[in-house]
Amino acid sequence: MTRQSNQYEPEDPWLEPEEPHRLYSKGEMQALVKAGIVSNAFVSPWKVVASQLALTILSMAVCVFFLDDGHISVYTYSAFWGGLIGFLPSALFVLRLEMAKRLHQLNPGKFLAALVSGEFIKITLTVLLFIGVAYTYPEVKWVPLLLTYLATLKCVWLAWFWK
């Protein structure tokens, strides 16, 4: 028994038939990449961490020249802490994934465990660094700290443009 369509029912776009997927061999993929049909661009996560570090230095330089009148003061240190809170947990996360990839018997379950543990380390370290900066440096300026921190988080989005 087949279902008959009713002219009064709206068509459900989710019920459209899927296009079949074709699996390519390694040689076929290499030929497609060589011909320029398929892009095989990969951005190293270390480049993202390096860009976060560079953005932190740039933010510190902006604070020195525009907010501190050429002297290093609390604004520059605040931008430094914001950048450190941004790129240090990311670097440890990437290091955790690199260590997991170097294992010879890496399966999807172990990689997922490494991903989750790396993300846990990243979130925990971020929270601890924010708390540590708040208690250790009560004179910290939160605007440069948070702006630099948010800017380092957006460096991950730049990876899409590098592809």
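Pairs only if they're at least six apart or on different chains, beta carbon under 6 angstrom, first in region 127-138 and of a type outside the set (Gly, Ala, Ser), second assigned to a helix (DSSP H, G or I) and at pLDDT 95 or above; list them, first residue then second. So the pair list comes out as Leu129/Ile85; Val133/Trp81. Residue pairs whose Cβ atoms lie under 7 Å apart, sitting 6 or more positions apart in sequence or on different chains, and linking a residue in region 84-106 that is under 28 Å from Val133 (Cα atoms) to a partner that is at pLDDT 90 or above and among the aromatic types (Phe, Trp, Tyr), are Ile85/Phe130; Ile85/Tyr149; Gly86/Tyr149. Of all the residues in region 110-163, those that are touching a Leu at 6+ places or on another chain (Cβ under 8 Å), over 16 Å from Phe93 (Cα atoms) and of a type in the set (Lys, Arg) number 0. For the residues Val49, Val62, Val133, the requirement of being surrounded by fewer than 19 Cβ atoms within 10 Å (Cβ to Cβ) and either closer than 30 Å to Glu28 by Cβ or of a type in the set (Val, Ile, Thr) (or both) singles out Val62. From the residues in region 8-46 that are in a loop (DSSP other than H, G, I, E, B) and surrounded by 13 or more Cβ atoms within 10 Å (Cβ to Cβ), which one is modelled with the highest pLDDT? Once the filter is applied, the top-ranked residue is Val43.
The values are calculated or read from the model by the stated rules, or taken from the named source; none is laboratory data. From a predicted model like this one, the values you see are computed outputs, not experimental measurements. Note that each Cβ is placed from the backbone with ideal geometry, even for glycine, and that neighbours are counted across all protein chains shown.
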